[in-house]
Amino acid sequence: MLNSDEDVIIVSESERGPGKSTAPGDKLTWHFVADKVNDFAWATAENFIWKATRATIPGKGAIPIHMVYAPERAGSFERAGKVSRHALEFYSSLWAPYPFPQFTMQDGPSAGMEYPIVINSNQGAADHETGHQWWPMTLGTNETRYSWMDEGFNQYMNILSRADNDKKPYNQDGLGQSYGRTSGSEDEAPMMWNADYAGGGYSFQTYGKTPLMLSMLGGIVGDEAVVNAMKKYTVAWSYKHPSPWDYIFFMNNELGQDLEWFWYYWLWTTESVEGSIQDVKSTNGKTTVTVLQAGEMPSPVVLKVEFEAEGPAIKTPSNAKMIDATTAEVTWPVSVWFNGSRTYNAVMDFGKRKIKKITFDPHGRFPDSNPADNVWPRE
Ligand SMILES: [Zn+2]
């Protein structure tokens with residue numbers, strides 16, 4: 001089974017039972033031994049089929065993936081080995097190599113639960129449950145108190161895994177902005193709230209919101225910087241019990257920015273950004289964009305500026321970068337809001353080329369319930 005990515009049947013339907021797949025006699029004793037684990041689980045059934053395949057872990061080589069399942073659910077295990085292999089290999093290179101010597105997927109009434117080295121899962125939840133080998137099986141966080149550091153991080157990396165499996169670049173655009181549709185719901189508990197008391201908003205609080213938060217973080221520091229910092233966090237805190245504050249301080253330090261405002265609003269509140277363009281005035285080649293901040297959560301001011309194809313040369317101010325010959329993206333830091341003002345006059349000096357269109361938050365990273373007012377002129 002370690003020589004190829006094929007599935008190999010170890011115990012088929014006709015090979016089950018004492019004297020065939022196990023030692024003869026009516027009593028059988030199994031001893032399970034595992035290092036560095038924080039929990040255990042096992043499954044048993046007299047009718048399990050056992051098949052196996054492999055995953056190739058960087059720096060370690062091939063390890064077995066075992067699958068045990070009832071014959072009537074063979075169809076749910078057809079792709080299970082392949083999905084788990086991709087997850088083990090992808091997350092190993094994304095964060096840190098899978099630390100355990102083997103991996104098992106077991107069938108049963110529960111088809112979505114994680115333990116170290118073993119998951120109750122068929123192919124349906126295989127990517128996600130395999131992801132739990134990192135959180136909380138390697139970084140031992142408290143899922144009840146800080147579910148966002150466990151299920152939330154897992155949901156985020158599942159997006160990256162899905163894109164890699166589809167051989168596409170991952171796309172975090174739009175996710176952060178979409179939180180504007182949820183913010184303000186009385187059913188939503190803040191992320192720093194015990195998941196057992198999250199009520200009707202449990203699923204969003206525990207699973208849904210973290211990828212939106214990390215989408216906005218990527219909109220500020222770049223997605224690659226987020227992934228790299230998370231990777232270093234994984235290595236630094238493996239086999240330890242990081243608290244939310246450990247994570248926050250680690251990320252601030254790694255990303256080289258004081259992001260206290262960011263963590264405060266995402267983790268301790270249910271506030272959103274709600275930016276919009278109120279007015280645009282041009283005189284002598286200088287353009288003033290009046291941005292309104294109607295939410296409680298601040299954000300950097302990021303404007304996409306689209307120019308007419310013809311006209312005087314476009315100058316590039318130091319806080320701008322050209323995306324193509326007639327499109328620029330210009331950024332002012334979040335601190336422009338720290339004096340408490342609700343409007344900010346963003347002054348741009350691109351020279352006298354005529355501006356066709358301006359968009360606030362062009363990548364859809366900042367929570368906003370009505371992105372239609374982010375565009376000038378209004379569509
Ligand atoms: Zn989970």
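The values are calculated or read from the model by the stated rules, or taken from the named source; none is laboratory data. Owing to the predicted nature of the structure, the values given are computational and were not obtained by experimental measurement. Cβ placement follows ideal geometry from the backbone for every residue including glycine, while neighbour counts extend to all protein chains displayed. Just so you know, the surface numbers come from the protein's heavy atoms only, side chains and all, with ligands and any DNA or RNA stripped out. Shrake-Rupley method; radii C 1.70, N 1.55, O 1.52, S 1.80 Å.
Couple of notes before you dig in:
- Label positions at I9 and N194, each projected 7 Å from the Cα along the C-beta direction, are separated by 5.0 nm.
- ³J(HN,Hα) computed for each position of region 312-328 - Karplus, 6.51 cos²θ - 1.76 cosθ + 1.60, integer Hz, glycine/proline x: x, 4, 8, 8, 10, x, 5, 9, 10, 9, 7, 8, 8, 4, 10, 9, 10
- Cα-only Debye scattering, region 1-109: base-10 log of I(q)/I(0) at q = 0.16 Å⁻¹: -0.82
- Note on surface exposure: H241, H363, H66, H132 rank H241, H363, H66, H132 by accessible area, highest first, 1.4 Å probe.
- Listed by chain and number, the aspartates and glutamates placed with their C-alpha closer than 13 angstrom to that of K286 are D349; residues fewer than eight positions away on the same chain are left out.
- Nitroxide proxy distance, nm - points 7 Å out along Cα→Cβ at A313 and K352: 1.4 nm
- Solvent-accessible area per residue, Å², over region 147-268 with all protein chains present [probe radius 1.4 Å]: 45 Å²
- DSSP-assigned coil residues among trypsin sites (Lys or Arg not before Pro) in region 123-193, each with at most 16 further Cβ atoms within 10 Å: R145, K167
- The chain: relative contact order as a whole-number percent, Cα under 8 Å and 6+ apart: 13 percent
- Helix axis angle, 223-237 relative to the chain longest principal axis, alpha carbon, degrees: 40 degrees
- Across K209, K321, K304, the residue with the most accessible area heads the list, and the full order at a 1.4 Å probe is K321, K304, K209.
- Taking 0.36 nm per residue of sequence separation and removing the Cα-Cα distance, the V375/V33 pair yields an extension gain of 117.1 nm.
- Here's the picture: a label point sits 7 Å out from the Cα of S282 along the beta-carbon direction, and within region 352-372 the residues with their amide nitrogen under 18 Å of it are 352-360.
- For region 277-379, accessible area per residue (1.4 Å probe, heavy atoms of protein chains only), Å²: 51 Å²
- The Stokes-Einstein estimate for region 51-99, based on a Kirkwood radius over Cα pairs and taken at 20 °C with 1.002 mPa s viscosity, is a diffusion coefficient of 188 µm²/s.
- Most mobile listed residue (E329, E310, E186) in the chain, GNM with C-alpha springs under 10 Å: E310
- Comparing A62, N47, A23 along the charge dipole axis of region 10-121, the residue lying farthest to the positive side is A62, per the Cβ-charge model.
- Anisotropy class assigned to region 147-268 is rounded, per the alpha carbon gyration tensor with a/c under the 1.5 cut-off.
- Using every pair of separate Cα atoms, the Kirkwood estimate puts the hydrodynamic radius of region 265-379 at 14.6 angstrom.
- When all protein chains stay in place and ligands, DNA and RNA are ignored, the 1.4 Å accessible-area order of L175, L217, largest first, is L175, L217.
- Taking the C-alpha atoms only, the angle from helix 80-94 to the longest principal axis of the chain is near 50 degrees.
- Eligible aspartates and glutamates near K36 by straight Cα distance, threshold 17 Å, same-chain separation 8 or greater: E114
- DSSP assigns beta bridges within the chain; of those with both partners inside it, close to 85 percent run antiparallel.
- Across region 1-21, no residue has a backbone nitrogen under 14 Å from the label position 7 Å along the beta-carbon direction of R79.
- Over the chain, equivalent-ellipsoid semi-axes from the Cα gyration tensor in Å: 50, 21, 17
- Cross-link pairs beyond the 20 Å C-alpha cut-off, checked among K60/K231; K281/K356; K82/K232; K209/K321; K82/K167: K82/K232; K209/K321
- Antiparallel bridge percentage (DSSP; both residues within region 8-131; nearest 5): 65 percent
- Share of carbon and sulfur in the accessible area of region 8-131 stands at 55%, probe radius 1.4 Å.
- Nearby aspartates and glutamates by direct alpha-carbon distance to K27 (threshold 16 angstrom, same-chain neighbours under 8 apart not counted): E46
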